[in-house]
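**Q** One structure is given below, represented as structure tokens, and several questions about it will come after.
The values are calculated or read from the model by the stated rules, or taken from the named source; none is laboratory data. As the structure is a computational prediction, the values presented were derived from the model and not from experiment. Every residue, glycine as well, gets a Cβ built from its backbone with ideal geometry; the counts of neighbours run over all protein chains shown. Note: accessible area is taken over every heavy atom of the protein model, side chains too, but ligands, DNA and RNA are not part of it. Shrake-Rupley method; radii C 1.70, N 1.55, O 1.52, S 1.80 Å.
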Amino acid sequence: MTATASTTAAGHARVPTARKQGPPGRLRAWATRAPLLPALIFMVVVTQLPFVATLVISFFDWNALYPDARSFTGFANYTEVLTDPDLRKSVLTTILLTASVVIASLVIGLGLALLLDRRFRGRGIVRTLLIAPFLLVPVAAALLWKHVLYNPEYGLFNGLLHWVGGDGASQPDWISDTPLLAIEASLVWQWTPFMMLILLAGLQSRDTELIEAARMDGANNWQVFRHLTLPHLRRYLELGALLGSIYIVQNFDAVFTITSGGLGTANLPYTVYQSFYQAHENGLASAAGVLVVIGSIIIATFALRVVSSLFREEVSR
């Protein structure tokens, strides 16, 4: 008779004998994680060790032209980054560039997502064409805008003005006249498809029965969008804004390619480049780079929280 079914003479149930277990739980957990260890070691070597080295260098007054004259300065480099007028201006330029690009990309991406959420002939082709800018290499996209569109002699923008206004049409130098706007336009063009894809995924996860019920109650398109669609897209808008901010705050390609940091367009990543490669101030550049990383981590923390809340909402449905 088995242990679970047998009883004692007094009629009480016999306690079942414990089954023999396999390897200990801790050993089993390590065996499960073992295939991930090479990737973890590679990530630590490639990302964390250089960051630790950058963090250490940021506490030194270290000019590459005078390697023997380096000395420990504590937080002096961080103080200079936060108090130097040029560096503070680069921080403000980074904030302005990031905010304007993210907001414009979200607004335009929302409009395109609402368009692609409808059924019409050729929707697949239109979707592919709209995604294409995001697939371009950032430097290639910046070169495209600088030479094909902005060039005052043979650019398409001035060619269009000449075609519309004739020989008397103005031929502005777009980069010299509006340098920051020129960079913002190129980044908005490249990042709008990313926002569009996120918001389109949100639109396609709506409860269609709820929308149909609202229409049967007499709600028009604007009322459906304002009271149903927009509240549903709030998390997706937050996710797009946070992810876009993480990448755009670190943008270097467009600033370097279009204006070379001139005309008041130098953001913090470009300032780090100038301090390190041109002024050879390793300590100052490292301090500015650490601040960029800290800002990115703060934004990424909020982004992860938004992603987690989205997953929880999907599971609870």
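**Q** Please go through region 231-280 and pick out each residue that is in contact with a strand residue (DSSP E or B) (Cβ under 6 Å, 6 or more places away or on another chain) and either surrounded by 21 or more Cβ atoms within 10 Å (Cβ to Cβ) or among the aromatic types (Phe, Trp, Tyr) (or both). Spell out the reasoning first.
**A** Within region 231-280, the subset in contact with a strand residue (DSSP E or B) (Cβ under 6 Å, 6 or more places away or on another chain) is 275, 280.
Within region 231-280, Ser275 is the sole residue that qualifies.
**Q** Shifting gears a bit: Just to check your reading of the model, which residue among Leu243, Leu228, Leu239, Leu233 is more than 22 Å from Trp145 (Cβ to Cβ) and in contact with a Gly (Cβ under 8 Å, 6 or more places away or on another chain)?
**A** Values: Leu243 fails: in contact with a Gly (Cβ under 8 Å, 6 or more places away or on another chain); Leu228 fails: in contact with a Gly (Cβ under 8 Å, 6 or more places away or on another chain); Leu239 fails: in contact with a Gly (Cβ under 8 Å, 6 or more places away or on another chain).
Result: Leu233 is the single residue among Leu243, Leu228, Leu239, Leu233 that is more than 22 Å from Trp145 (Cβ to Cβ) and in contact with a Gly (Cβ under 8 Å, 6 or more places away or on another chain).
**Q** For region 154-205, which positions are aromatic (Phe, Trp, Tyr) and more than 30 Å from His232 (Cα to Cα)?
**A** Residues of region 154-205 aromatic (Phe, Trp, Tyr): 154, 157, 163, 174, 189, 191, 194.
Those that are aromatic (Phe, Trp, Tyr) and more than 30 Å from His232 (Cα to Cα): Tyr154, Phe157, Trp163, Trp174.
**Q** Next question, about the same structure. Within region 57-81, how many residues are in contact (Cβ under 8 Å) with a residue 40 or more places away in the chain and either open to solvent by less than 50 Å² (accessible area, probe 1.4 Å) or not charged (D, E, K, R) (or both)?
**A** Taking region 57-81 first, the residues in contact (Cβ under 8 Å) with a residue 40 or more places away in the chain are 57-65, 70, 73, 77-78, 80-81.
From the residues that got through so far, the ones that are either open to solvent by less than 50 Å² (accessible area, probe 1.4 Å) or not charged (D, E, K, R) (or both) too are 57-60, 62-65, 73, 77-78, 81.
Residues flagged as in contact (Cβ under 8 Å) with a residue 40 or more places away in the chain and either open to solvent by less than 50 Å² (accessible area, probe 1.4 Å) or not charged (D, E, K, R) (or both) within region 57-81 amount to 12.
**Q** Within region 105-130, take every residue that is β-branched (Val, Ile, Thr) and exposed (fewer than 15 other Cβ atoms within 10 Å of the Cβ) and give me the one that is modelled with the highest pLDDT. Before the answer, list the steps.
**A** The first filter runs over region 105-130 and keeps only residues β-branched (Val, Ile, Thr), leaving 107-108, 125-126, 128.
Now drop any that are not exposed (fewer than 15 other Cβ atoms within 10 Å of the Cβ), which leaves 107, 125-126, 128.
Details: Val107: 94, Ile125: 90, Val126: 88, Thr128: 88.
Out of the qualifying residues, it is Val107.
**Q** What's the total number of residues in region 158-191 that are more than 15 Å from Ala142 (Cα to Cα) and out of contact with any His (no Cβ under 9 Å at 6 or more places or on another chain)?
**A** First, pick out the residues of region 158-191 that are more than 15 Å from Ala142 (Cα to Cα): 158-173, 176-178.
If we keep only those that are out of contact with any His (no Cβ under 9 Å at 6 or more places or on another chain) as well, we get 158-168, 170, 172-173, 176-178.
Within region 158-191, residues that are more than 15 Å from Ala142 (Cα to Cα) and out of contact with any His (no Cβ under 9 Å at 6 or more places or on another chain) number 17.
**Q** Exactly one condition in (1) free of Cβ contacts under 8 Å to residues at least 60 places away in the same chain; (2) open to solvent by 50 Å² or more (accessible area, probe 1.4 Å) is not met by Asp86; state its number.
**A** It is condition (1) that Asp86 fails.
**Q** So, of the residues in region 151-167 that are open to solvent by 80 Å² or more (accessible area, probe 1.4 Å) and part of a helix (DSSP H, G or I), which turns out to be nearest to Ala185 (Cα to Cα)?
**A** From region 151-167, those open to solvent by 80 Å² or more (accessible area, probe 1.4 Å) are 153-154, 156, 160, 162-164, 167; that's our starting set.
Pick out the ones that are also part of a helix (DSSP H, G or I) and you get 156, 160, 162-164, 167.
Details: Leu156: 15, Leu160: 17, His162: 21, Trp163: 22, Val164: 22, Asp167: 27 Å.
Across region 151-167, the extreme among qualifying residues is Leu156.
**Q** Residues Val102, Val148: which one is open to solvent by 50 Å² or more (accessible area, probe 1.4 Å) and out of contact with any Cys (no Cβ under 6 Å at 6 or more places or on another chain)?
**A** Values: Val102 fails: open to solvent by 50 Å² or more (accessible area, probe 1.4 Å).
Being open to solvent by 50 Å² or more (accessible area, probe 1.4 Å) and out of contact with any Cys (no Cβ under 6 Å at 6 or more places or on another chain) holds for just one of Val102, Val148, which is Val148.
**Q** Follow-up. Within region 231-254, which residues are in a helix (DSSP H, G or I) and over 14 Å from Ile95 (Cα atoms)? Give the steps one after another, and end with the answer.
**A** Taking region 231-254 first, the residues in a helix (DSSP H, G or I) are 231-232, 234-248, 253-254.
Listed by number, the residues that qualify are Pro231, His232, Arg234, Arg235, Tyr236, Leu237, Glu238, Leu239, Gly240, Leu243, Asp253, Ala254.
**Q** Does Arg235 satisfy being under 24 Å from Arg305 (Cβ atoms) and in contact with a His (Cβ under 6 Å, 6 or more places away or on another chain)?
**A** Numbers: under 24 Å from Arg305 (Cβ atoms): yes; in contact with a His (Cβ under 6 Å, 6 or more places away or on another chain): no.
No, not satisfied.
**Q** For region 168-220, give me the residue count where each residue is open to solvent by 70 Å² or more (accessible area, probe 1.4 Å), of a type in the set (Gly, Ala, Ser) and either under 30 Å from Ile246 (Cβ atoms) or assigned to a loop (DSSP other than H, G, I, E, B) (or both).
**A** Residues meeting the conditions: 1.
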